[in-house]
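Colleague: The structure's right below; bear with me while I get my questions together.
Computed from the coordinates by the stated procedures, all read-outs in this text should not be read as laboratory data. Predicted, not measured: the structure shown is a model, and the values here were computed from it. Cβ coordinates were reconstructed from backbone atoms using ideal geometry, including for glycine residues, and neighbour counts include every protein chain displayed.
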Amino acid sequence: MASLTGIKIIDFTHVQAGPTCTQQLAWLGADVIKVEPPGKGDITRSQLRDRPEVDSLYFTMLNHNKRSLTLDVKTIKGKEIFSELIKNSDVLVENFADGVLERLGFGWDIIHAINPRLVLASIKGFPPGPHQDVKLFENIAQCVGGSASTTGHMHEPPMTTSAQIGDIGTGMQLALGIVSALFQRHTTGQGQHVIASMQDTVMNFLRIKLRDQLRIDAGVALKEYAAAASDQSIDTVPRTGNAHRSFQPGKVVKCKGWQTDPNSYIYVQIINSIWPTICKIIGKEHWILDPSFAEGEPRYSRAQEIFDAIESWSVQHDKFEAWQELKQNKIPSGPVMSWRDISNAQWLKDSQSIVTVSHPVRGDHITVGNPVRMSEGTVDISRAPLLGEHCSEILLELGYQPREIELLKMDGVI
């Protein structure tokens, strides 16, 4: 039995952050009912389509293992059905702008009165306070959360990362909050309102940058940051490109074919235990006992020279060939894998990191797998639902009769 078998979740979310949260819970065995507007559904069904009249990959990759119920919650009948769903569910997840649930007639007080055991989980842009009603999108979250200011190269504009740390990260944080609230319910018998904000999430991912800011404020020269070490006027955490910020230096170096392939690179990191090994591989055995290359600050101060030598070796090899030799010698490293590399990697398919799902309209296609692996209760990844595919099934479970369901369809409620 999967860990969340028996838990019913109303997915009243859209786009990316909310669906990420509910999909993770579905992958852990929860019964997730995605509530969508009749006729159009989640906006991502039609965004960035690769084929006309087929749900986009954007939608399908964020809504596996769910059931779809179309419902006009603005109608009287729609509100009645939604109330019945709340009565019969454990969790309601939403990522609407501040005040939308209240205007629909389903604020926290109302929800809690309908079902005191239900957990309401909300994704917001900013934490409670003066900006809580402001919408937030991925790249903006990275800016206000402190990520962009420390990403990129010094003396160049701040950069955002294409990793969706604001959307996907917040969805995963909220999933943890939901599971914790369900666990607490065993003791209290009561549900609660759980909130995760995108700004908080990004800040949480960047906590070591706060560590470094506090060190700067204390007058410490951040010698592991090349920019800060050479410019004592820097009063905030600098950008450092691809360099690793510690006395175990790391960097991306070129591999064979880099002139035509933008991803022919490998990341190599130097730790003290493998220093002699890497010196031998790159033909610099005389560095092994040289005190000017000793671990810590001396080695970090000569990092550029070291990585120039490593690159002189790596450009002679394909990135996967270089990785093979480095990992055989236990040198921390990894190739820069493009999404073509990832989608074609057999070892990722074997590990179920990349899985194939079948879709009645799209056909077979690959997608990313569940990042959480459990020894008991593994859930197979199934396709995203068609719009309104499970309306009748869900309403029958709520006690509606077939004739009532037909009338609801005729009235446009579902």
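Colleague: Can you match log10 I(q)/I(0) by the Debye sum over Cα atoms at q = 0.09 Å⁻¹ to one of these, [x] -0.61; [y] -0.55; [z] -0.70, based on a calculation from the structure here?
Modeller: Calculated log10 I(q)/I(0) by the Debye sum over Cα atoms at q = 0.09 Å⁻¹: the matching label is [z].
Colleague: Charges only on Cβ, +1 for Lys and Arg, -1 for Asp and Glu: so what's the dipole of the chain about the Cα centre, in debye to the nearest 20?
Modeller: Using only the charged Cβ atoms, the result is roughly 260 debye.
Colleague: Let me ask something else about it. How far is helix 207-217 tilted, in degrees, relative to the longest principal axis of the Cα atoms in the chain, given as a value from 0 to 90 rounded to the nearest 10?
Modeller: Compared with the principal axis, the helix lies near 50 degrees.
Colleague: Going down the table (Lys349/Lys409; Lys124/Lys254; Lys8/Lys77), which pairs top 31 Å between alpha carbons? Walk me through the numbers before you get to the answer.
Modeller: Details: Lys349/Lys409 41 Å; Lys124/Lys254 41 Å; Lys8/Lys77 22 Å.
Lys349/Lys409; Lys124/Lys254, as the Cα separations exceed 31 Å there.
Colleague: Here's another thing I want to ask about it. Say the dipole of the chain comes from +1 at the beta carbon of Lys and Arg and -1 at that of Asp and Glu; which of Ile414, Tyr265, Ser333 then lies farthest toward its positive end?
Modeller: Comparing the listed Cα positions along the dipole, Ser333 ranks first.
Colleague: For Leu92, list long-range residues whose amide hydrogen, built 1.01 Å from N in the peptide plane, is under 5 Å from its own amide hydrogen.
Modeller: Result for Leu92 returns Ile10, Val119, Leu120, Ala121.
Colleague: Taking the chain as a Gaussian network, where each spring joins two C-alpha atoms under 10 Å apart, which residue of Leu48, Leu85, Leu176 fluctuates the most?
Modeller: Per the Cα network of the chain with a 10 Å cutoff, Leu48 tops the list.
Colleague: Now for a different question. Can you give me the C-alpha center-to-center distance between segment 32-72 and segment 366-414, rounded to a whole angstrom?
Modeller: 12
Colleague: When Lys and Arg each count +1 and Asp and Glu each count -1, what net charge do the other residues less than 10 Å away from Lys319, Cβ to Cβ, add up to?
Modeller: Numbers: positive: Lys254, Lys256; negative: Asp261, Asp318, Glu321, Asp341.
Taking every other residue near Lys319 into account, the sum is -2.
Colleague: Could you give the length gained by full extension between Glu404 and Asp290, i.e. 0.36 nm per residue of separation minus their alpha carbon distance, to one decimal place? Please report the intermediate quantities before stating the final value.
Modeller: Working: separation 114, 0.36 × 114 = 41.04 nm, distance 8.38 nm.
Full-extension gain reported as 32.7 nm.
Colleague: Once the other residues with Cβ under 11 Å from the Cβ of Tyr265 are scored (Lys, Arg +1; Asp, Glu -1), what is the net sum?
Modeller: Details: positive: Lys251, Lys254, Lys256, Lys319; negative: Asp261, Glu311.
Surrounding charge for Tyr265 is +2.
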